[in-house]
Amino acid sequence: QPELCACCKSGTIGCGECKKKLTEKINVFLDPIRDRRANLESHPERLDEIIETGNQSARTVAKETMELVRDAIRV
């Protein structure tokens, strides 16, 4: 924020106050992520599904990549 930066440079706001404002902004950003994590931790079966879906996607991409590599080296 330009206003906060100007206050900091002019010395009208101290480092402690600036850090407090930063902490508040970071928490606003992280709270939805924390909530989602807590939700997933309370539903391990859903987490297992997400991991398995990711594994399947990774296998598909890896298979395609290996086919390109084999074609490139003519194996």
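Kindly evaluate ILE50 against the criterion of being within 30 Å of LEU4 (Cβ to Cβ), hydrophobic (A, V, I, L, M, F, W, C) and surrounded by 10 or more Cβ atoms within 10 Å (Cβ to Cβ).
Considered against the rule, which asks whether it is within 30 Å of LEU4 (Cβ to Cβ), hydrophobic (A, V, I, L, M, F, W, C) and surrounded by 10 or more Cβ atoms within 10 Å (Cβ to Cβ), ILE50 comes out as no.
Restricting to segment 53-75, name every residue that is more than 24 Å from the chain's Cα centre (by Cα) and open to solvent by 80 Å² or more (accessible area, probe 1.4 Å).
Taking segment 53-75 first, the residues more than 24 Å from the chain's Cα centre (by Cα) are 63-75.
Matches in segment 53-75: LYS63, GLU64, MET66, GLU67, LEU68, ARG70, ASP71, ILE73, ARG74, VAL75.
Need the failing condition index for GLY16 against (1) of a type outside the set (Asp, Glu); (2) within 16 Å of the chain's Cα centre (by Cα); (3) open to solvent by less than 70 Å² (accessible area, probe 1.4 Å), just the number.
Answer for GLY16: the failing condition is (2).
Output the qualifying pairs, or none if there are none: Cβ atoms under 9 angstrom, residues six or more apart or on different chains, first residue in segment 39-51 and at pLDDT 95 or above, second residue among the β-branched types (Val, Ile, Thr).
No pair meets every condition.
Within segment 19-41, which residues are open to solvent by 70 Å² or more (accessible area, probe 1.4 Å) and farther than 30 Å from GLU3 by Cα?
Residues satisfying the conditions are ASP35, ARG36, ARG37, ASN39, GLU41.
The values are calculated or read from the model by the stated rules, or taken from the named source; none is laboratory data. Quantities reported herein were computed from a predicted structural model and do not represent experimental measurements. Note that each Cβ is placed from the backbone with ideal geometry, even for glycine, and that neighbours are counted across all protein chains shown. Areas reflect the complete protein model, heavy atoms only, side chains present, ligands, DNA and RNA absent. Shrake-Rupley method; radii C 1.70, N 1.55, O 1.52, S 1.80 Å.
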